[in-house]
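Down below is the structure, laid out as structure tokens.
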């Protein structure tokens, strides 16, 4: 169950990162509120997962899930350029997360 919580909290990390970018330095209310809500959920989930999972592994998986989804979202919406190399590197990052789960 800790792994599911960790993955979901990593997804919320992507949500807060994207909302932070859209908040225009906290000048836009709705993205700022989404940022705060997603941040609380994301950090709370990470804390719960770290009760049973090692800190280093938990943090690496949480960051990788969030970063991968944030980049994928940005590429899908056209906010970031798409290239084969970026896709391969993202797949490598995801592969490393899967590897951390397998060696746990």
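Relative contact order for the chain: what percent, with Cα pairs under 8 Å and sequence separation of 6 or more?
Relative contact order, the chain: 32 percent.
Take the chain, connect every pair of alpha-carbon atoms lying under 10 Å apart with a spring to form a Gaussian network, then pick out the residue of 66, 45, 78 with the largest mean-square fluctuation. Ranking 66, 45, 78 by mean-square fluctuation puts 78 first. Over all orientations, the chain has a Cα convex hull whose mean projected area works out to 6.8 square nanometres. Modelled spin-label separation between residue 102 and residue 36, with each label point placed 7 Å from Cα along the Cα-to-Cβ direction: 4.3 nm.
Taking 23, 42, 83 as the candidate residues, the one with maximal mean-square fluctuation in a Gaussian network model of the chain, Cα springs under 10 Å, is 83. Listed from fewest to most Cβ neighbours within 10 Å, the set 35, 26 follows the order 26, 35.
Cut-off is 10 Å between beta-carbons; in what order do 77, 52 appear when sorted fewest neighbours first? List each step's numbers first, then the result.
Details: 77 9, 52 12.
Ordered from fewest to most neighbouring Cβ atoms within 10 Å, 77, 52 come out as 77, 52.
Subtracting the Cα-Cα distance of residue 77 and residue 28 from their residue separation scaled by 0.36 nm leaves 15.7 nm.
If one computes P(r) from the Cα atoms of region 1-53, what percent of pairs lie at distances over 16 Å? Within region 1-53, distances greater than 16 Å cover 40 percent of Cα pairs.
We did not get these values from a lab; they are worked out from the coordinates using the rules stated. No experiment lies behind these values; they were computed from the predicted model shown. Cβ coordinates were reconstructed from backbone atoms using ideal geometry, including for glycine residues, and neighbour counts include every protein chain displayed.
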